[in-house]
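**Student:** Have a look at this one before I ask anything.
The values are calculated or read from the model by the stated rules, or taken from the named source; none is laboratory data. Nothing here was measured: the structure is a model prediction, and the numbers come from that model. Cβ atoms come from the backbone with ideal geometry, glycine included; neighbour counts cover every protein chain shown.
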Amino acid sequence: MAATTQEEDTQTTDSVEIPLKYPLKSVSSLTMRRVKVRDSLAARKIKGDDAEQEIFLFANLCEVTTKQIEALDMADYKTLQDTYSGFLS
C-alpha cells in the first residue's frame, strides 16, 4: 500500500484543519471545507474586487467572519489559498 502525502489527503477529504503560524487572539487553526459550486456563485455576487470575493469565500468555507480572514498574517492567508487550490485539483 502506497503512503499518501498531505497534498493527496487535502484533495480527498471533506475538510482540512489548517494550523495558523501566526494565531489570532481567539483562533489558532481554521477548518476549511471543500468548495461547492454554490459557494463560488455566492462569492461572485459580493460587490468588490476579486480579493474581497476571495475573502468572503474563505470566510464561508472556514465558517468565520470576513474580519477574521482579513486579520490573518499573509503567510497564513497563503496557506488558505493553497488549501483552496488543492480542493480544485
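**Student:** Given (1) surrounded by 14 or more Cβ atoms within 10 Å (Cβ to Cβ); (2) without any contact (Cβ under 8 Å) to a residue 24 or more places away in the chain; (3) in contact with a strand residue (DSSP E or B) (Cβ under 6 Å, 6 or more places away or on another chain), identify the lone condition not met by Met32.
**Tutor:** Checking Met32 against (1) surrounded by 14 or more Cβ atoms within 10 Å (Cβ to Cβ); (2) without any contact (Cβ under 8 Å) to a residue 24 or more places away in the chain; (3) in contact with a strand residue (DSSP E or B) (Cβ under 6 Å, 6 or more places away or on another chain), the one that fails is (2).
**Student:** If I go through segment 15-41 residue by residue, how many of them are touching a helix residue (DSSP H, G or I) at 6+ places or on another chain (Cβ under 7 Å) and not hydroxyl-bearing (Ser, Thr, Tyr)?
**Tutor:** Here the count works out to 12.
**Student:** So which residues in segment 1-44 are part of a helix (DSSP H, G or I), under 19 Å from Lys78 (Cβ atoms), modelled with pLDDT of 95 or more and not hydrophobic (A, V, I, L, M, F, W, C), if there are any at all?
**Tutor:** Hits for segment 1-44: nothing passes.
**Student:** Let me ask you something else. Go through segment 68-89 and give me each residue that's of a type outside the set (S, T, N, Q) and within 15 Å of Leu20 (Cβ to Cβ).
**Tutor:** Here is the first cut: in segment 68-89, the residues of a type outside the set (S, T, N, Q) are 69-78, 80, 82, 84, 86-88.
Across segment 68-89, the qualifying residues are Ile69, Glu70, Ala71, Leu72, Asp73, Met74, Ala75, Asp76, Tyr77, Lys78, Leu80, Asp82.
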